[in-house]
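Data first, discussion second: the structure below is written as structure tokens.
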Amino acid sequence: METKQFKAESKRLLDLMVNSIYTHKEIFLRELISNASDAEDKLAYKSLTNSSVEVTRADLKITIVPDKEGRLLTVSDNGIGMSKEDLESNLGTIARSGSGQFKAGLSEGDEAAGSIDVIGQFGVGFYSAFMVADHVTVISKAWGSDEAWMWQSDGAEGYTITSCEKQTPGTDVVMHIKANGEEEDYDQYLESRTLQELIKKYSDYIRYPIVMEVEDYRMKDKPEDAPEDYKPEWETVKEWKTLNSMVPLWQRRKSEVKPEEYNTFYKEKFNDWQDPLTVIHTSAEGAVTYKAMLYIPEKTPYDFYTREYQKGLQLYSSGVLIMDKCADLLPDHFRFVKGVVDSADFSLNISREVLQHTRQLKVIASALEKKIKSELLSIQKENRETYETFWSAFGTQLKYGVVGEFGAHKDMLQDLLLFWSSKEGKNTTLAAYKDRMPEDQPFYYYACGESVEKIARLPQVERILDKGYEILYCTEDVDDFVMKALAEIDGKKFKSVTEEDALPQTEEEKKATEEKTEAGKPVLEAVKEALGDQVKEVRVSAILKSGACCLSADGPVSIEMEKYMSKMEGGQPMKAERVLELNADSAPFAALKKAVEAGETDTVAKYSKLLYAQALLLAGLPLEDPAEYAGLVCSLMV
Ligand code: ADP
């Protein structure tokens, strides 16, 4: 009998699997049951399209048989079965889906713990049997064939295929379970209790009955002629039991699902060790019919802001999984949402490309988007603390959503945003900000900076607060872009406090500034000359109240944008057009003026550098020459 070698990749996979960490091993059962279920599906499908196949769904089942003495565990199905060629091509090499994903997650020479995690995440199909078995026999008879074949392997050394006897079509996978290791308990996989638990845990929703003969302990019937003092007697009976509920959670009524059930489902399905923040269980009937169960995680997944993170919902068609991560069901701004959608409106073997363009998919996606928003809004209203938790996990994502696609989603998202309020000393919604707004307030004000404390001390903030207006303190890089994208709400514009026209000037004020500019001209020119190209202009400030100087930007690029872009890797360096603003009523300005009038060029240069450096520091920008600045400051002391 010829022994055939596994393909090289398969060997590596086997190696990994056998040495994988212990807690992952139990998934082998889920994998084999899932294969069995697929085989049943294929036969059921065939019976729909081929009148010579007479099976009804009721006949289809998956059978589990543990045999402690022989250390054998068998998973059988009466599905489509495999021909000799099928066995060869399906089990002799790494096959499709599951193992394909595994391969994708595995880079060359990457046998470290990290990659082994992939097993836990995807499962790797049939091969996982070798995690718990040292010898595997697959006996299969393809539907419509009268030959049966036996595939055998003990993993490492390849496999054999021989002819054998089998009465009915379908497949038996017989595993010879390994002996217990020092730290590993393989015996449990022969225990009825463990098997029942694993099936409940991983395969409860399989649509075919998973049956096993289990021992039950029950009270004997009372004999007719039982004496007066008859004591009930107990007996052990063996009976075949269906171990899975076969009903997916999302098909059950909301009122019948316990919170723990929702949470357990979430944790198992989406590999989170924490309960979700909330679950949205929803359905629709009409133009498109679907049921959906969506989860919002409590914490930001560790890979959320990396390329590895893939958004998407699991898509089922009448209980059959047709796509694992259907990205088109979720807009990018809600890409943190996990969950499942089940709709009979999709055909089972619809291709990804076609699916993407179906009307149904778009209708469902748009309905879910609204649903997610309304759920978030109601949490925001009813449970602010929970909303704050959500916000700290995914608020940044929502802001990127506002900015992305040229602001196309801002109307959808603006009610969900939170910003720090100067008045409340905590986060506020834009709606609440608006409610508090005095009638004469011309703008939604915001100010950007590194921290709330630093922003509160910006020289430009003072005059707005003095008016009794509230400012949104923005500490995230993306905030300035968010405000620019929001632009306005109901005709009221967003305005950075650093902009010159942040407070509309009265005619008198305008005139005063003009006069000061005129009077200060020699000073402004001298400072500009001292600073050269570092600034575009030096002007008398209409913004400052008690501060001596500040930096502002002319043109479309704000200081905040410049800062943001300078952090981006490989991004185009964007430079704001820097303007140094001086407070003509301040003592430093008077000192400058004196120096200019006395013709003390060195002093003018020194003061100019000092003021510019301070403006940079206040704006949160780095000094070009900190040593020179330190020297200048010290020279003031002597
Ligand atoms: P996957 O299920 O991810 O494709 P597997 O390694 O689990 O990968 O299985 C490889 C292939 O072997 C399957 O795609 C299927 O065609 C076939 N197969 C496995 N188990 C069975 C079974 N019980 N009945 C029929 N075919 C099976």
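Just so you know, all these numbers are worked out from the coordinates, no wet-lab data involved. Only a predicted model underlies this, so the values are computations on that prediction, with no experimental measurement involved. Glycine also receives a Cβ, built like all others from the backbone with ideal geometry; neighbour counts cover every protein chain displayed.
Of note:
- Of the three principal axes defined by the Cα atoms of segment 127-208, the extents in descending order read 43, 36, 17 Å.
- In this entry, segment 286-375 is assigned a mean projected area of 6.1 nm², taken as a quarter of its C-alpha convex hull surface.
- 20 Å binning of all Cα-Cα separations within the chain, expressed as whole percents from 0 upward: 15, 35, 24, 17, 8, 1, 0
- Seen from LEU277, the other residues with C-beta closer than 14 Å to its C-beta sum to a net charge of -3, counting Lys and Arg as +1 and Asp and Glu as -1.
- In summary, segment 466-556 shows an alpha-carbon radius of gyration equal to 1.29 times the 2.2 N^0.38 Å reference for compact globular proteins.
- Net charge of neighbours whose Cβ lies under 12 Å from the Cβ of PHE334, counting Lys and Arg as +1 and Asp and Glu as -1: +3
- Most simply put, segment 531-638 has about 60% antiparallel DSSP beta bridges, counting only bridges with both residues inside it.
- Sum of side-chain charges, TYR230 neighbourhood, beta-carbon under 12 Å (Lys, Arg +1; Asp, Glu -1): -3
- Calculated Rg and Dmax of segment 365-477 using C-alpha coordinates, Å: 15.0, 47
- Binned Cα-Cα distances of segment 32-71, short to long, each 5 Å bin given as a whole percent: 6, 21, 23, 17, 13, 8, 6, 5, 2
- Over the chain, DSSP H runs of length four or greater, each weighted -39,500 (n - 2.57), average out per residue to a 222 nm ellipticity of -12000 deg cm²/dmol.
- Sorted largest first, the spans of the alpha carbon positions of segment 191-289 along the three principal axes are 65, 34, 26 Å.
- The listed peptides 252-263, 181-192, ordered by packing as a protection proxy, come out as 181-192, 252-263 (highest mean of other Cβ atoms within 10 Å first).
- Percentage relative contact order, segment 419-564, counting C-alpha pairs under 8 Å, at least six apart: 26
- Burial order of peptide ranges 499-511, 333-345, 520-532, 482-494 (average beta-carbon count within 10 Å, highest first): 333-345, 520-532, 482-494, 499-511
- Short-range pairs are left out: with C-alpha atoms under 8 Å and at least six residues apart, the relative contact order of segment 319-413 is 31 percent.
- Taking only Cα atoms of segment 512-638, radius of gyration then Dmax in Å: 15.1, 48
- Overall Cα dimensions of segment 173-225, principal axis frame, Å, largest first: 55, 32, 20
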